[in-house]
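See structure below.
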Amino acid sequence: MMKKFLRTLFSLCIVWPVIWLWLGLRVKHRERLPQQGPAILVANHNSHMDVFVLLSLFPLGQQHIVHPVAAADYFLRNRWLAWFTLNILNIIPISRQGGEENPLALCEQALRDNKMLILFPEGSRGEPGKLAPLKSGLWHLSQSMPEVPIIPVWLKGTERVMAKGNRIPLPLFIDANVGEAMQFHPDKGLFKEALLQRLLQLRQEIKGNESHG
């Protein structure tokens, strides 16, 4: 109960004022967001702010079932960061080192418990404004849970906020374009290519709107 209260307080007093008021989040196709789990949100990743933007897409009543998937070696590297990310951000840590029998076991269990996951298929933050090659973790997770819908989201503007080498959130507009849900495909190459094209299409839609604005 205390953890839920602290997460709510953090969202209301810090995350939402920064994302919605200071940075000016604009959401396109909000109606495509899942209303309940299980579901997997995937997005391009250029900034630590990406997680806060994606969490802000959901109302307070849903946030306790939304779990960002994050690298254990980075986000659990010290006691204070581990406490914050596990208890306030509600992350599911996964190992990037290998050696575990199934590093995605916690993610699979969360989906079986009707939770929603936030996952970045590039793996880690890439070069600001550019989409890095997609890794295979999402395909492996979806292979074990093929019925779970995957909702692609393109984020624009976060590459200028808390990207690598930039720690200060600057006042600017951030766009989140939510795509239509896609499903698992047994061919890994086709699955990754389909996801890549969905993300690029969402990026192009934002660029198209700007050129007509």
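The values are calculated or read from the model by the stated rules, or taken from the named source; none is laboratory data. All values reported here derive from a predicted model rather than from experimental measurement. Every residue, glycine among them, receives a Cβ derived from its backbone with ideal geometry; neighbour counts consider all protein chains shown.
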Determine whether residue 87 is in contact (Cβ under 8 Å) with a residue 40 or more places away in the chain and not hydroxyl-bearing (Ser, Thr, Tyr).
yes
Any residue at all in segment 93-111 that is over 23 Å from residue 199 (Cα atoms) and part of a strand (DSSP E or B)?
yes
For segment 1-92, give me every one of the helices (runs of 4 or more DSSP H) that falls completely inside it and has 3 or more residues that are exposed (fewer than 15 other Cβ atoms within 10 Å of the Cβ) and at pLDDT 95 or above.
none
Could you tell me which numbered condition residue 176 fails, if it satisfies all but one of (1) surrounded by 20 or more Cβ atoms within 10 Å (Cβ to Cβ); (2) within 28 Å of residue 96 (Cα to Cα); (3) modelled with pLDDT under 95?
(3)
Would you check if there is a residue in segment 141-158 being among the charged types (D, E, K, R), under 28 Å from residue 114 (Cβ atoms), modelled with pLDDT of 95 or more and out of contact with any Asp or Glu (no Cβ under 9 Å at 6 or more places or on another chain)?
yes
Looking at residue 14 and the list (1) free of Cβ contacts under 8 Å to residues at least 24 places away in the same chain; (2) touching a Ser or Thr at 6+ places or on another chain (Cβ under 6 Å), which single condition is not satisfied?
(2)
